[in-house]
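Working notes, structure below.
Computed from the coordinates by the stated procedures, all read-outs in this text should not be read as laboratory data. Just so you know, these numbers come straight off a predicted model, no measurement behind them. So basically every Cβ, Gly included, is an ideal-geometry build from the backbone, and we count neighbours across all protein chains shown.
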Amino acid sequence: MSILKSITIGTAKSEPGKLTYGFIDVMELPTGTSDRIPIMIAQGKEEGPTFFLTANIHGNELTGVAVVHDVVNEELTKELKGTVVAIPTLNPTALRLYQRYPEYQDEDPNRQFPEGRFAKPDEDDEDKKFLKPYEQVAKILYSIIKKYADYHLDIHNHSLRSVPYSIIDRVFYENEDEIEEAKKLAEQQLGMIEAFGAGAMITADFPPKKYINLKYHRSFSGAILNTLRIPAFTVELGANSVLYPEIVAGSVKATRNVLRWAKMLNSPKEEISEYTVPIPEYRLRRIEHPRAKHSGIIRLLVGPGEKVKKGQVIASITDIHGRPLGEGVIKTEHDGYMIALRDQMTIYSQQGVAEMGIKDKDDILAPMPPKK
Ligand SMILES: [Zn+2]
């Protein structure tokens, strides 16, 4: 008989062949109650890996909540080898308020995970000893993943008009000795992403330097991958703030396909027929592009997922009276794909009208940035 891993997170405790529920207290609130993060543990009867499925760290990104509810059910435990630990919302106050940030910290919660191996020695900074509210929550989540996880998938949504896409994180290595390990980790990450398959277009993240500047190494999956060295990735499942049933249905199948890749389900791979995403002929990376030369009013003239050519008009730009500004249009300087269109109709000079995917010229593996 196999020994199944016993997992206890807050009030949730795993039971072989069952789906169990509970909460973890993460933050005392000033008004006398506490913020609790919901935990679901689906355990099979046979041993296998522990897979963390998390969602809704940005409170207005809803698809992941529904995907967790539809993937993690009693039915799953019958076929499952190992354990799926699911967190339908990583940010309950923001889900209630329908906003991106938690009520107790007006900053991106997905940049608050421990610095880990990227930490710089800065004894001089007395504030570093004290964690901000969501940094405290993130530290708890991080320690749970560190203790139990073999794999991690974090579900997000990008702008209202965006294509579903998976992000290949850059994998950083300390020195030459680590390159082989980093290569293996990157291969596992890509394996998971390719298993999600037709559920999302695939793109690499921003180039390494921008990845660090944007603190993506302190995003949930970024910290898990780059510091804990556990295969993890982020998927962006199209529009935030609304639920599209076809996106939920297709990405539920895609998520189960990742569990199949992890050898946690034996059933055949499911075809995703609910929606389609482009399959680029080369590896993409993200770029905020094109950018406005003037402040004004824009209208996007392309759609999410659309393939575009260098020189193509992406948006029109006018003044508030509707008269063209400059050429009256904003063109792209790259061949590529439209990933996410700007939500706002207003724009300031030099801001991006979209996020695109263009040919990735950087490696996925990158040396650690210098500590000084
Ligand atoms: Zn997000």
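For segment 300-372 versus segment 31-104, the spacing of their alpha-carbon centroids is 33 Å. Taking the chain as a Gaussian network of alpha-carbon nodes connected by springs under 10 Å, the highest mean-square fluctuation of the residues T227, T33, T77 belongs to T33. Could you tell me what fraction of 2.2 N^0.38 Å the Cα radius of gyration of the chain comes to, as a two-decimal ratio? In units of the 2.2 N^0.38 Å rule of thumb, it is 1.01.
Distant-in-sequence amide contacts of G238, defined by a placed amide H-H separation under 5 Å and a gap of 5 or more residues or a different chain, comprise H158, Y165. Remark: segment 33-186 projects, on average over all directions, an area of 12.3 nm² (convex hull of Cα atoms). The modelled label-to-label distance for the pair R260/K139, using points 7 Å beyond Cα in the direction of Cβ, is 4.2 nm. For segment 262-273, 3J(HN,Hα) computed residue by residue from phi via the Karplus equation (6.51, -1.76, 1.60; θ = phi - 60°) reads 7, 6, 9, 10, 9, 5, x, 3, 9, 7, 9, 10 Hz, glycine and proline entered as x. Largest mean-square fluctuation among V26, V67, V252, in a Gaussian network model of the chain whose springs join Cα atoms under 10 Å apart, belongs to V26. Over the chain, Cα pairs under 8 Å with separation of 6+ residues give a relative contact order of 17 percent. Say the cut-off is 23 Å between C-alpha atoms; which of K307/K331; K13/K183; K146/K209; K146/K184; K209/K361; K146/K361 go over it? Distance filter (> 23 Å) returns K13/K183; K146/K209; K146/K361.
Calculated on the Cα set of segment 284-359, radius of gyration then Dmax: 11.5, 38 Å. Cross-link reach is defined here as a Cα-Cα straight distance under 16 Å, omitting same-chain residues fewer than 8 places apart; for K18 the lysines meeting it are K5, K45, K78, K81. When the Gaussian network model of the chain links Cα atoms closer than 10 Å, the mean-square fluctuations of E103, E178, E274 top out at E178. By the helix-only formula, in which each DSSP H run with n ≥ 4 contributes -39500 (n - 2.57) and the sum is divided by residues, the chain has a 222 nm mean residue ellipticity of -7000 deg cm²/dmol. Only one residue of L160, G191, P133 has its Cα farthest out toward the positive end of the dipole of segment 123-205, where Lys and Arg carry +1 and Asp and Glu -1 on Cβ, and that residue is L160. Global size of segment 142-208: 14.0, 43 Å for Rg and Dmax (C-alpha atoms, Rg to one decimal, Dmax whole).
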